[in-house]
1. Working carefully through the options 217, 205, find the one that is at pLDDT 95 or above and either more than 19 Å from residue 286 (Cβ to Cβ) or in a loop (DSSP other than H, G, I, E, B) (or both).
2. Could you tell me whether region 359-382 includes any residue that is under 19 Å from the mean Cα position of the chain (by Cα) and assigned to a loop (DSSP other than H, G, I, E, B)?
3. Check off (1) buried (at least 20 other Cβ atoms within 10 Å of the Cβ); (2) touching a residue at least 60 places away in the same chain (Cβ under 8 Å); (3) outside the structural domain of residue 221 (by TED's automatic domain parsing) for residue 69 and give me the number that stays unchecked.
4. Being crowded, with 19+ Cβ neighbours inside 10 Å, outside any helix (DSSP H, G or I) and either modelled with pLDDT under 95 or more than 16 Å from the ligand (Cβ to nearest atom) (or both) narrows it down to one residue among 111, 36; which is it?
5. Taking the conditions exactly as written (crowded, with 24+ Cβ neighbours inside 10 Å and either modelled with pLDDT under 95 or in a strand (DSSP E or B) (or both)), does residue 261 satisfy them or not?
6. Return the total of residues in region 50-75 being outside any loop (DSSP other than H, G, I, E, B), in contact with a helix residue (DSSP H, G or I) (Cβ under 8 Å, 6 or more places away or on another chain) and near the ligand (Cβ under 6 Å from one of its atoms).
7. Can you give me the ranges of the helices (runs of 4 or more DSSP H) entirely in region 396-471 with at least 3 residues that are farther than 17 Å from residue 485 by Cβ and in the same structural domain as residue 47 (by TED's automatic domain parsing)?
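The values are calculated or read from the model by the stated rules, or taken from the named source; none is laboratory data. This is a predicted model, so every value here is computed, not measured. Positions of Cβ are generated from backbone atoms using ideal geometry, with glycine treated the same way; all protein chains shown enter the neighbour counts.
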Ligand SMILES: Cc1cc2nc3c(=O)[nH]c(=O)nc-3n(C[C@H](O)[C@H](O)[C@H](O)COP(=O)(O)OP(=O)(O)OC[C@H]3O[C@@H](n4cnc5c(N)ncnc54)[C@H](O)[C@@H]3O)c2cc1C
């Protein structure tokens, strides 16, 4: 809290959204259809810095969630509309289906229970498969039977969040990065939100989609009683050579109460396979470390599912943190909280948005819009731009299409990231992104450079060279992932 008299000059908005993860970006995009002034405040230097950029990238079907829960309803609805939103915003998406593997009779019993639960939730086409069909759909996978889900898909979560945010920005939403909310004060029935560097933003409706920080934001606004328990999930990324091993996500039959879906194998839109995630409660909400014991466990469990997995295929690792409401002793899941707080009119809290949050993001956004509609007059814009195009991805094109692009722009003929076949023009498109973010990770995830086997050994220096010599950045201004991650301290000569 702070005194109104201490306020700096303030920008007034209809709506402030705290957090530019997949949920904040989806809400921003949905609300950008209306004549509203909207600002998104994000503490990091780019979108999707939290769970939204660190997950399994699966569009879940909705059979894992308790019937009658918000999680179940919004996941099934999200799954049904996901391909359409990806088409509208030009986001990589692939309907792969998914298999849950049974190793014994107890697993088969669990999988039959999951089918019954999924049917109650409205999932279609779930069925048991025998060993023969299991081996046909996922050659090389162990197990004696399985459950097949036809409507599970994979997508690119970072590209999804970029697309939502860029489209929201094109439609007038203002994104402020490096803007950590540090206090909130009520004013004339609205809110004044202050950032850690002392800027003030006023609004009538405050939307708290701060993920791991959502309990703290709620507390700042005067609503206590929520607590987030961070639960880390570690992953390995396999080289593209492992790509031929699997083209469908494969999960073990879930064990009750583990708070995750078990260590699974998931092909990505970029041709790698992910192994993970683990599920481990931690104390520090910012601790994205990868730990040796968990990594050993991941390899062991993944090899049980797919014996051909070899350590030598591993090229990287990362971790995501689930914003759990269920404390360690309880395990499992508590339902999403999405509501306007009775004791704090105008505050819309989104708490505990763990998996399947990204799958459910558009229905969540529409639910928030419906709540906002009760407070504000939502008038649709005549000039709302619904569609968006991603710049061409050279490596995915036919030789003819590549030749056409090169003749239009010779920078498409200059490969800068050899592992992922990313051209200079694609790097330039990433540097010139509409949100104006310039960290190395911003370029990495937009162009997909530096993500191959050499981990940026070849292209990173070339990207830095472009930033310095073509975009006028000083070397010491270049960060890996925002402030505190400076790559250089100055020039050597
Ligand atoms: C290991 C793992 C695997 C998952 N797999 C899947 C999956 O396959 N499919 C699926 O649908 N879902 C999956 N999920 C869930 C999904 O990732 C989340 O539900 C979703 O990303 C939540 O989005 P969010 O915007 O609420 O949170 P986040 O993405 O965490 O965004 C919250 C944002 O708020 C910002 N913030 C926090 N505090 C402040 C502050 N004080 N001021 C300003 N900004 C602040 C953070 O920096 C962050 O950018 C997975 C999650 C994890 C962790």
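1. Answer to the check: 205.
2. Yes: region 359-382 contains one or more residues that are under 19 Å from the mean Cα position of the chain (by Cα) and assigned to a loop (DSSP other than H, G, I, E, B).
3. The single condition residue 69 does not satisfy is (1).
4. 36
5. Taking the combined requirement at face value, the residue does not satisfy it.
6. 2
7. Values: elements: 399-408, 424-431, 440-447, 459-469.
Those helices (runs of 4 or more DSSP H) do not exist here; none qualify.
For every residue, the table says whether it meets (1) touching a helix residue (DSSP H, G or I) at 6+ places or on another chain (Cβ under 7 Å); (2) farther than 26 Å from residue 25 by Cα; (3) free of Cβ contacts under 8 Å to residues at least 24 places away in the same chain.
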{"site": "101", "(1), (2), (3)": "yes, yes, no"}
{"site": "128", "(1), (2), (3)": "yes, yes, yes"}
{"site": "162", "(1), (2), (3)": "yes, no, no"}
{"site": "169", "(1), (2), (3)": "no, no, no"}
{"site": "174", "(1), (2), (3)": "no, no, no"}
{"site": "200", "(1), (2), (3)": "no, no, no"}
